[in-house]
Every structure is written in structure tokens, then in C-alpha cells.
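Chemist: My questions will all concern the structure given below.
The values are calculated or read from the model by the stated rules, or taken from the named source; none is laboratory data. The model shown is predicted, which means the values in this text are computed figures rather than measured ones. Here Cβ is always computed from backbone atoms with ideal geometry, including for glycine, and neighbour counts include all displayed protein chains.
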Amino acid sequence: MIKITYFVHGTTVDNENNVSSGWFDAELSEKGIQQAIKLRELIEDKYFDVVFCSDLQRAIKSAQLTYGDTVKIIQDERLRECNYGEYNTKSSEIVEPMQEENITKSFPGGESYEDVKARIGEFLEYLKANFDNKSVAIVAHKAPQLALDVLLCGKSWEQAFTDDWRKRKAWQPGWEYIIK
């Protein structure tokens, strides 16, 4: 069994400007920096054997600010946000309605949510092979978290989008997943 605690990166400048970054390497805003520092306090009673994060700067910086040098942080490109292709860095008003339309169909020049699910599935197999009986933290993005909901919680993509905490503005300091 592997216990995963999933954390989303802090708020970015793009988030504040209503931009969907996708694979663009957006910077944390001052608010995002403060969120990552505050998260350290909120989870100080939790132990992790390792922290994995996306290789995009917003996730790396969030992980570094939250965990510092208290636990090994490993960057993994499989934990990236969905690649919106031609729609990376476009207005969220344009991109967000397209997300549910691109579950099986790729964004032009990018990938589909099924592609994200395949990446996350590969990542989970890697965890099974290398981190059995460990407690793992992940710092990443929306699409990988929704993929975990599909892969580990048995949700359909439609249900994962419907239940997404972002729609309710119901952030919390970590979401728990178990790999058996």
C-alpha cells in the first residue's frame, strides 16, 4: 500500500490574470509564495518519505517553499498540467469550457485528458515498483489530480470534472489517495 497526499501548487500570476498556463512555466505570485509557506505550518504533523512534483516552476517552487530540505523532492514531468497546445496561456474563459470537450480529443497541438491519465498511470506504476509502504506527497496541477480521481477513486472524467473542488472553491491542505 502507498499513501499519497496530493497538494496543488500555489497561486500563479497567470491564475490571478485568469490565464490557463498549461505547459507554460508560469511563476508563483506573491499570494502563491505565501500559500506554500503557510502550507508548511498546516501539515507540520504529517510525515512523507518523499515528495514528487511536476517539473514546471510553479510546482517546484511550491514544493521547495513547503518542504525546504526536510524531505527529498523529486521532479517528474509526468506530473505536468495538461498540455493545452495552442491554448497554453490563453484566457481561462476560453480554455476551461474546452477541458471537458477534450477528454479523448487532444487540444490542437497538445494532449487530451486521457493522455494525462496515461502519464499518471505510468507514474502510479513507478510508485508501486519503488515506493511500496511509503507515504508520498505530490505537488502538481489540476489535470493530474483529476486523473487520480479517475484512476484511484473510480470516477468517470465527467464526474471528476463535476466534483472538482475548484468549482466550489473548496481548497484544503492535501487530498488523500491510496494505492493498494
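Chemist: Can we say residue 63 is of a type in the set (A, V, I, L, M, F, W, C) and within 17 Å of residue 131 (Cβ to Cβ)?
Modeler: yes
Chemist: Here is a further query. Across the stretch 1-45, which residue is nearest to the chain's Cα centre (by Cα) among those that are aliphatic (A, V, I, L, M), outside any loop (DSSP other than H, G, I, E, B) and under 25 Å from residue 120 (Cα atoms)?
Modeler: Result: 8.
Chemist: I've got another one for you. Can you work out which of the residues in the stretch 17-48 that are in contact (Cβ under 8 Å) with a residue 60 or more places away in the chain and of a type in the set (Val, Ile, Thr) is nearest to residue 112 (Cα to Cα)?
Modeler: Looking at the filtered set, the residue picked out is 19.
Chemist: Still on this structure: For the stretch 102-121: of the residues being touching a helix residue (DSSP H, G or I) at 6+ places or on another chain (Cβ under 8 Å) and of a type in the set (Gly, Ala, Ser), which is surrounded by the fewest Cβ atoms within 10 Å (Cβ to Cβ)?
Modeler: This residue is 109.
Chemist: Which numbered condition in (1) in contact with a strand residue (DSSP E or B) (Cβ under 9 Å, 6 or more places away or on another chain); (2) polar (S, T, N, Q); (3) loosely packed, with under 15 Cβ neighbours inside 10 Å is the only one that residue 99 fails?
Modeler: Every condition holds for residue 99 apart from (3).
Chemist: Look at the stretch 46-93 and say how many of its residues are of a type in the set (S, T, N, Q) and part of a helix (DSSP H, G or I).
Modeler: Of all residues in the stretch 46-93, those of a type in the set (S, T, N, Q) come to 54, 57, 62, 64, 66, 70, 75, 83, 88-89, 91-92.
With part of a helix (DSSP H, G or I) added as a condition, the list becomes 57, 62, 64, 66, 92.
Selection size over the stretch 46-93: 5.
Chemist: Taking the condition surrounded by fewer than 18 Cβ atoms within 10 Å (Cβ to Cβ) and at pLDDT 95 or above, does residue 129 pass?
Modeler: yes
Chemist: Out of curiosity, is residue 44 within 20 Å of residue 175 (Cβ to Cβ) and modelled with pLDDT under 95?
Modeler: In short, yes.
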